[in-house]
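*Asks:* Dumping the structure here so I can ask a few things about it.
The values are calculated or read from the model by the stated rules, or taken from the named source; none is laboratory data. What you see is a predicted model; the values in this text were computed from it and never measured. Don't worry about glycine lacking a Cβ; one is built from the backbone with ideal geometry, like all the others, and counts go over all protein chains shown. Only protein heavy atoms, including side chains, enter the accessible area calculation; ligands, DNA and RNA are left aside. Shrake-Rupley method; radii C 1.70, N 1.55, O 1.52, S 1.80 Å.
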Amino acid sequence: MNFEAYVEKVKARFSDRWQVLSPEEVDAYFETEEVKGILAERYRFYLQPDHILHGTGSIASVAYCLEMMY
């Protein structure tokens with residue numbers, strides 16, 4: 001899965017849990033530097049299935065992390 005598809009899946013999972021946010025609010029949140037940095041870092045873990053922190057890059061894990069940060 002490429003990075004763009006990964007971000008879209010994380011965003012969809014995040015949106016399902018934060019239904020009170022409008023799509024515009026979700027988009028704005030995902031455009032912050034903090035969220036972009038986390039997505040890039042966690043995607044690297046996602047791409048390394050043998051890495052001890054591979055699960056940290058799972059879509060559910062990243063969406064949950066972003067939920068807690070919001």
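*Asks:* Send over the Kirkwood Rh of the chain, from the inverse of the averaged 1/r over different Cα pairs, rounded to one decimal Å.
*Replies:* Taking every pair of different Cα atoms in the chain, averaging 1/r and inverting gives 12.1 Å.
*Asks:* Still on this structure, please answer the following. Could you give the size of the charge dipole of the chain about its Cα centre, using +1 on the Cβ of each K and R and -1 on the Cβ of each D and E, expressed in debye and rounded to the nearest 20?
*Replies:* Magnitude of the dipole: close to 280 debye.
*Asks:* Turning to a different aspect of this structure: Tell me, in nm to one decimal, what length is gained between residue 16 and residue 48 on full extension, where the rule is 0.36 nm per residue of separation less the Cα-Cα distance?
*Replies:* Separation in residues times 0.36 nm, less the Cα-Cα distance, equals 8.9 nm.
*Asks:* Given the options 58, 40, 3, identify the residue whose Cα lies farthest towards the positive end of the charge dipole of the chain (+1 on Cβ of Lys, Arg; -1 on Cβ of Asp, Glu).
*Replies:* 58
*Asks:* What part of the accessible area of the chain, given as a whole %, is carbon or sulfur when the probe is 1.4 angstrom?
*Replies:* Working: 2440 of 4510 Å².
Heavy-atom surface of the chain belonging to carbon and sulfur, 1.4 Å probe: 54 percent.
*Asks:* While we're looking at this one, here's another question. Could you check the spin-label model distance between residue 34 and residue 1? Points 7 Å from the Cα along Cα→Cβ, value in nm.
*Replies:* Going by the 7 Å Cα→Cβ label model, 2.4 nm.
*Asks:* If a helix is a whole DSSP H run, which ones in the chain reach 18 Å or further along their own axis (Cα) and hold a mean Kyte-Doolittle hydropathy of at least -1.0?
*Replies:* Working: long enough: 3-17 (21 Å, -0.79); 33-46 (19 Å, -0.66).
Those that pass (Cα extent of 18 Å or more, hydropathy at least -1.0) are 3-17, 33-46.
*Asks:* Between beta-carbons, use under 10 Å as the cut-off and find the net charge around residue 1, counting Lys and Arg +1, Asp and Glu -1.
*Replies:* Cβ neighbours under 10 Å give a net charge of -1.
*Asks:* Around residue 10, with a cut-off of 12 angstrom between Cβ atoms, what is the net charge of the other residues, counting Lys and Arg +1 and Asp and Glu -1?
*Replies:* +2
*Asks:* On to the next question. Given a 1.4 angstrom probe, what's the average accessible area per residue across the chain, in square angstrom?
*Replies:* 64
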